[in-house]
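The values are calculated or read from the model by the stated rules, or taken from the named source; none is laboratory data. None of these values were measured; they are calculated from a predicted model. Reconstructed Cβ throughout: ideal geometry from the backbone, glycine too, with neighbour counts over all protein chains shown. Heads up: the accessible areas ignore ligands, DNA and RNA and are worked out on the full protein's heavy atoms, side chains in. Shrake-Rupley method; radii C 1.70, N 1.55, O 1.52, S 1.80 Å.
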Amino acid sequence: MSSGAAGIQTPAKRTVKHGPYPASEKKRSVCHSLSSRSIGLFKNDAGALYRENLTVLRSLVCQDTTTFRNVWTKRSKSPIEYEKGRIYLENYRCCYSSIALKPELLYEFPKCSKLEKIEDALLCECPLGETLPKSSDHKPCLLALTANNWLYRLSAQTGALLESVYLSSQYKFRYLEWDVPQETMVIKSVQKKLVPMTRHTLLCLAVFRVLPLTLLGMLEINKRVFGKSVVDAMISHGLLIVTHSMGLVRLYSLEHITEQFMLKKLVLGEKSEWNGTTGLVGEAPFGIPLNIQIKDCPPLLFEVSCLENAFQIGGFPYHYIITPKQKRQKGSYHICSLKDNKLAKNGVQFMECCSLESDWIYFHPDDSGRIVHVGPNQINVLKVEEAQGSQCQVVQDFAIAAKRENKVNAVTVTASGRVVKTRFKQLDDDPDQETFRIVEYEGELDLLAVIQTETEGKALIGLYDNQTGAVIKDIALAESWDVTYSQVLFFERDTIVHIEQEPNSNFNCYVYKMTRDTTDEKEQQ
């Protein structure tokens, strides 16, 4: 669950190639790859075999005779979540695996009270190359936060309780976010209702290392320290990100804060004394004391003023994307160097579009350092290159355009019978025109899946090569696409999961599986 607009991404490595599919491997047929694999012509390691299997799977997905068929539909009155082959229903009470040909129930918890329900969760995968103290640490687990401030570590396969930590009775914790994915997580409380002249604490953040589950610290965001204009805060990639009401975003080092303001190091399960009370850390009712107390504002690393606190960092070298606060700049995105705040050459990106929905921009999740700018009728994939001197420049890597006719003739007949033709321009996200709605990246197959809506509520998933933008094929969705619904789509290997929320808060989940279309073969026989 996202709790803020500001975002940090890790820098991309300085590489020329992206993706696990060299040109020589793309040219090989599936039969050749399977034959070579059967006689052991690959390196004797799991990584090489795994990459070859993904090459085969990509070839199968991209074949004209391969299609995706709806195999499972589920409706629910509560939110439906999906992550890495698992579908969660009824506030994570029921878990289905989507890996099989048809989703199968993995586990189901007994019904519980509102205080015991799971508010938010993160799926944690086992680390590679590390020896952990417990055998259960080497298997995927679900980190679940309940409404009554308990943090549970559950088996992702069976739902069995592995660990439990009681957080605190002083705050209401609601959100789970990754600080560093699969390494450290942050538990965020709801914001306190501040009474003027009496209370100054805005919210609380608890930081944990996930495997093994270890407490790093708990801290408050106080308006006396960070200023009266503070409206939100979060931790990402070792940085404390504080946002202010006037559109200001400030970054501080969490490592520096921990070293300077930690009062006492706490260990889960160990006895501790705090403010005259003794108890076990992480056990009820003692919970976790506030062992990091920020008395003074820490050294400022970086600050920027932007519209609606929308701020992203990524690329290589590090750049950030913002929309300036000036009204005349609304609708444009500025790409600037994090090192010296200089605007990159061609760094102002503005998409000419007339639509109800605005365009959006983000750093590509494939760690290539590229930037994806999505509008209703065009997708621009950009890259930041080093230019002469210290300034970098933004150039287009490739673009994907929707198929449409912008000019439309409106025909009217006057009272005298004269025919008048008027040419006008339709909205770029007109329901009767092909419009881009969602862009999803499948990292293991190195494909872009783009939801494209057409006339009469029909929707297609267009598959494009992530390196060149070349169109590969279209996949039709069986269900209609209502633009008034909240929609999300996941594409993972041979599975497509589509989740929609109706205005009446009902949720629908559709699961598609890869299959072979033999219609043409039957017609030829």
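Filtering segment 168-185 to residues that are open to solvent by 70 Å² or more (accessible area, probe 1.4 Å) and touching a Leu at 6+ places or on another chain (Cβ under 7 Å) leaves nothing. For segment 361-392, the candidate set comprises residues that are out of contact with any Leu (no Cβ under 9 Å at 6 or more places or on another chain) and farther than 22 Å from Asp465 by Cβ; within that set, the residue that is surrounded by the most Cβ atoms within 10 Å (Cβ to Cβ) is Cys392. Of all the residues in segment 453-501, those that are outside any loop (DSSP other than H, G, I, E, B) and either of a type in the set (A, V, I, L, M, F, W, C) or at pLDDT 90 or above (or both) number 27. Pairing residues of segment 50-73 that are at positive phi and open to solvent by 60 Å² or more (accessible area, probe 1.4 Å) with residues that are hydroxyl-bearing (Ser, Thr, Tyr) and in a loop (DSSP other than H, G, I, E, B), at Cβ distances under 6 Å and at least 6 apart in sequence or on separate chains, gives no pairs at all. If you scan segment 110-129, which residues turn out to be surrounded by 13 or more Cβ atoms within 10 Å (Cβ to Cβ) and out of contact with any helix residue (DSSP H, G or I) (no Cβ under 7 Å at 6 or more places or on another chain)? Result: Cys112, Glu116, Lys117, Ile118, Glu119, Asp120, Ala121, Leu122, Leu123, Cys124, Glu125, Pro127.
Taking the conditions exactly as written (open to solvent by 40 Å² or more (accessible area, probe 1.4 Å), touching a residue at least 12 places away in the same chain (Cβ under 8 Å) and under 22 Å from the mean Cα position of the chain (by Cα)), does Tyr441 satisfy them or not? Answer is yes for this residue.
For every residue, the table says whether it meets (1) surrounded by fewer than 18 Cβ atoms within 10 Å (Cβ to Cβ); (2) among the hydroxyl-bearing types (Ser, Thr, Tyr); (3) at pLDDT below 95.
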| site | (1), (2), (3) |
| --- | --- |
| Pro196 | yes, no, yes |
| Val207 | no, no, no |
| Leu211 | no, no, yes |
| Leu215 | no, no, no |
| Ser236 | no, yes, yes |
| Val242 | no, no, no |
| Ser245 | yes, yes, yes |
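Within segment 261-274, the residues that satisfy the criterion of being assigned to a strand (DSSP E or B) and either in contact (Cβ under 8 Å) with a residue 40 or more places away in the chain or open to solvent by less than 80 Å² (accessible area, probe 1.4 Å) (or both) are Met262, Ser272, Trp274. Annotation note: of Thr323, Thr258, Thr278, the sole residue that is over 30 Å from Ser390 (Cα atoms), open to solvent by less than 70 Å² (accessible area, probe 1.4 Å) and of a type in the set (Ser, Thr, Tyr) is Thr258. Please verify whether segment 92-109 includes one or more residues that are of a type in the set (A, V, I, L, M, F, W, C), without any contact (Cβ under 8 Å) to a residue 24 or more places away in the chain, in contact with an Asp or Glu (Cβ under 8 Å, 6 or more places away or on another chain) and open to solvent by less than 60 Å² (accessible area, probe 1.4 Å). Checked against the condition, which is being of a type in the set (A, V, I, L, M, F, W, C), without any contact (Cβ under 8 Å) to a residue 24 or more places away in the chain, in contact with an Asp or Glu (Cβ under 8 Å, 6 or more places away or on another chain) and open to solvent by less than 60 Å² (accessible area, probe 1.4 Å), segment 92-109 yields at least one hit.
The residues listed here are Ser113, Ser78; of these, the one that is farther than 29 Å from Ala476 by Cα, more than 19 Å from the chain's Cα centre (by Cα), of a type in the set (Ser, Thr, Tyr) and modelled with pLDDT under 95 is Ser113. The condition of being open to solvent by less than 20 Å² (accessible area, probe 1.4 Å), touching a strand residue (DSSP E or B) at 6+ places or on another chain (Cβ under 7 Å) and assigned to a strand (DSSP E or B) does not hold for Leu162. With the requirement that a residue be hydrophobic (A, V, I, L, M, F, W, C) and out of contact with any Ser or Thr (no Cβ under 7 Å at 6 or more places or on another chain), what does segment 484-497 give you? Those that are hydrophobic (A, V, I, L, M, F, W, C) and out of contact with any Ser or Thr (no Cβ under 7 Å at 6 or more places or on another chain): Val488, Leu489, Phe490, Phe491, Ile496.
Only strands (runs of 3 or more DSSP E) whose full extent lies in segment 275-389 are considered here, and the ones with at least 3 residues that are over 30 Å from Gly443 (Cβ atoms) and without any contact (Cβ under 8 Å) to a residue 60 or more places away in the chain are 277-280. Being within 26 Å of Ser480 (Cα to Cα) and in contact (Cβ under 8 Å) with a residue 12 or more places away in the chain, is that true of even one residue in segment 131-144? No, segment 131-144 contains no residue that is within 26 Å of Ser480 (Cα to Cα) and in contact (Cβ under 8 Å) with a residue 12 or more places away in the chain.
Quick check, is Ser155 in contact (Cβ under 8 Å) with a residue 60 or more places away in the chain, surrounded by fewer than 18 Cβ atoms within 10 Å (Cβ to Cβ) and of a type outside the set (Asp, Glu)? For Ser155, the condition - in contact (Cβ under 8 Å) with a residue 60 or more places away in the chain, surrounded by fewer than 18 Cβ atoms within 10 Å (Cβ to Cβ) and of a type outside the set (Asp, Glu) - is not met. Across segment 486-504, the number of residues qualifying as open to solvent by less than 60 Å² (accessible area, probe 1.4 Å) and hydroxyl-bearing (Ser, Thr, Tyr) comes to 1. In the condition set (1) over 25 Å from the mean Cα position of the chain (by Cα); (2) crowded, with 17+ Cβ neighbours inside 10 Å, Gln329 is compliant with all but (2).
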